[in-house]
Structure formats: C-alpha cells, structure tokens
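Attaching a single structure in structure tokens format; questions to follow.
The values are calculated or read from the model by the stated rules, or taken from the named source; none is laboratory data. These figures come from a predicted structure and were not determined experimentally. Reconstructed Cβ throughout: ideal geometry from the backbone, glycine too, with neighbour counts over all protein chains shown.
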Amino acid sequence: MPFAPHGDVRLHYEVSGSGLPLLFIPGLGVSVEDMAPFVTALARRARVIAIDNRGAGLSDKPDEPYSISVMAADAAAVAEHSGLAPLDVLGYSLGGRIALQLILDQPHMVRRLVLLATSARLPARRRSLLMSIAPFVPIGAKPRQPAYAFRRQRAASDGFDARSQLAEITAPTLVLGGRADRIATPSLAEELHEGIPNSQLEWYAGGHNAPMMTGRAAVVDAIASFLSVDD
C-alpha cells in the first residue's frame, strides 16, 4: 500500500493494470476504493496510478485550507513517487481542475491530458450548486470522510479560474463532457476545448456521475481510444 510524502502530508495511491502509465485524480469526496469499478475498467487499458486526494480515503486529512495548487503538488508528488512519470493524466470533476493546475505548473510531467466532467472555473451559480452538495453516507453507515475534510476539498475550487492560462497547454488534450451535466455544464466543457489549443471535445450521454455509473464503458472506451491504448 504505497504512500507518497508531500511536506507533512502522506498521500495514498494504488497502482493496477499494465501498459502506459495513467494518473487518475478523482473528484470531490471520493477515494480510490469508491472509484474501484472505474479504476478496474481503466486498468484493463493502462497502468493506472489512482490517488486519494488529501482529505479523502487513506490519505492524510489536515484540517486547514486546501487549494487546487496544493492538491496539484500532491498529485505531482504521487507521480514522482510512483517512478512512472512522465505519464498521461486523467482528472474527473474536482480532479480535472487539479490536473489542469498540474500541467500548468509542471508540463514536463504530463504527456497527454484527459479532462472529464470538469471545468476551468466555477461560475457563481455552479459554485452555489457545488457548495450545497453534502457527502453521501448510506443509512446506518459510518461517514467515509470527515465532514471538515469534505468542506476543505469542496472549498478548494472556490475562486479557481484557469481560463487565462489554458492557451499555455500544449499537450494533446481530450475534453469529455456530459450532455446533461448540471455541474460541469456543456458550455463549460466547450470553454475548455476552445481555450486549449491542442484539444478535442467529445460528449457522453448523461450527467455528472454518468462516467462512474451507466456511462462508464463508453467513457473508458473514449479515453482508451484517445490514449491509443489497446485491450
């Protein structure tokens, strides 16, 4: 069970599959364990390094402000610790903003970029919607994440805006957007595509969580096709 150090924080990650390395940065409030079906599907196509962001899973959960920049540095620490960098990077939702910051800060580390159900910013209405989201806890179950850590993760996106830097991204980039996504709306996916010079935009059916549920197979196929990774 590997852990990568970054300052005083230890970051848990798991490596599975074979082939070209792909760093997977998940979204708000979820862990590698929560993403197991998606990671398993990806691992049939690539060597997946799946990270627990600070505040989630088995990674440390300091009760202090988080930022996208700090979480991007966390992801870089995991990539370096895995010994597999440079690598392809896939960011989902919150993880997409982390992936954007990672490639802006350390472009040498990222070969190809996949931005899934994410955006370069949170407009005021989307920010209000995000801030209203609460962590999902099944009835009778213990919380999978401390409430303070969920709030710290959620607040990291507040004020983040990478639009002015999108043109700096030169790596081949795939933007995957949901036609019915109410959080990372189609217009925000189009904004990413228009801002990143070497990018392509593809759509999947469904909303924000479709890639992890009913749309998983189609999304994984699109990612594998873009990364040119065969079964």
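Rundown of residues vs (1) surrounded by 20 or more Cβ atoms within 10 Å (Cβ to Cβ); (2) free of Cβ contacts under 8 Å to residues at least 24 places away in the same chain; (3) touching a helix residue (DSSP H, G or I) at 6+ places or on another chain (Cβ under 8 Å); (4) hydrophobic (A, V, I, L, M, F, W, C), yes/no style:
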site: Gly178; (1), (2), (3), (4): yes, no, yes, no
site: Glu190; (1), (2), (3), (4): no, yes, no, no
site: His193; (1), (2), (3), (4): no, yes, no, no
site: Gln200; (1), (2), (3), (4): no, no, yes, no
site: Gly207; (1), (2), (3), (4): no, no, no, no
site: Ala210; (1), (2), (3), (4): no, no, yes, yes
site: Ala218; (1), (2), (3), (4): no, yes, no, yes
site: Ile223; (1), (2), (3), (4): yes, no, yes, yes
site: Ser228; (1), (2), (3), (4): no, yes, no, no
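Filter the strands (runs of 3 or more DSSP E) completely within region 1-88 down to those with at least 3 residues that are among the aliphatic types (A, V, I, L, M).
Ranges flagged: 9-16, 21-25, 47-51.
Within region 95-123, which residues are assigned to a loop (DSSP other than H, G, I, E, B) and surrounded by fewer than 24 Cβ atoms within 10 Å (Cβ to Cβ)?
Gln106, Ala120, Leu122, Pro123, listed by residue number.
Which residue pairs have Cβ atoms closer than 6 Å, lie 6 or more positions apart in sequence or on different chains, and pair a first residue in region 24-49 that is under 22 Å from Asp74 (Cα atoms) and in contact (Cβ under 8 Å) with a residue 12 or more places away in the chain with a second residue that is among the β-branched types (Val, Ile, Thr) and crowded, with 22+ Cβ neighbours inside 10 Å?
Partner pairs satisfying both residue conditions: Phe24/Val48; Ile25/Ile51; Ile25/Ile98; Val39/Val48; Leu42/Val48.
Output the number of the condition that Ala56 fails; it satisfies all remaining conditions of (1) more than 14 Å from the chain's Cα centre (by Cα); (2) at pLDDT 95 or above.
(1)
Scan region 37-57 for residues that are under 14 Å from Val15 (Cβ atoms) and among the aliphatic types (A, V, I, L, M) and jot them down.
To start, the set of residues in region 37-57 that are under 14 Å from Val15 (Cβ atoms) comprises 39-40, 42-43, 46-52.
Listed by number, the residues that qualify are Val39, Leu42, Ala43, Ala46, Val48, Ile49, Ala50, Ile51.
Ok, one more. What single numbered condition from (1) aliphatic (A, V, I, L, M); (2) under 16 Å from Gly96 (Cα atoms); (3) modelled with pLDDT under 95 fails to hold for Ile49?
Only one criterion in (1) aliphatic (A, V, I, L, M); (2) under 16 Å from Gly96 (Cα atoms); (3) modelled with pLDDT under 95 is unmet by Ile49, namely (3).
If you don't mind, there's one more thing I want to ask. Would you check which residues across region 10-26 are over 14 Å from Arg44 (Cβ atoms) and either among the basic types (Lys, Arg) or modelled with pLDDT under 95 (or both) and list them?
Result: Arg10, single match.
Can Leu166 be described as buried (at least 19 other Cβ atoms within 10 Å of the Cβ) and either closer than 15 Å to Gly95 by Cα or at pLDDT below 95 (or both)? Show your work before the answer.
Working: buried (at least 19 other Cβ atoms within 10 Å of the Cβ): yes; either closer than 15 Å to Gly95 by Cα or at pLDDT below 95 (or both): no.
So Leu166 does not fit the description; no.
Only one of these conditions is not met by Leu130: (1) surrounded by 14 or more Cβ atoms within 10 Å (Cβ to Cβ); (2) modelled with pLDDT of 65 or more; (3) assigned to a helix (DSSP H, G or I). Which number is it?
Of (1) surrounded by 14 or more Cβ atoms within 10 Å (Cβ to Cβ); (2) modelled with pLDDT of 65 or more; (3) assigned to a helix (DSSP H, G or I), only one is false for Leu130: (2).
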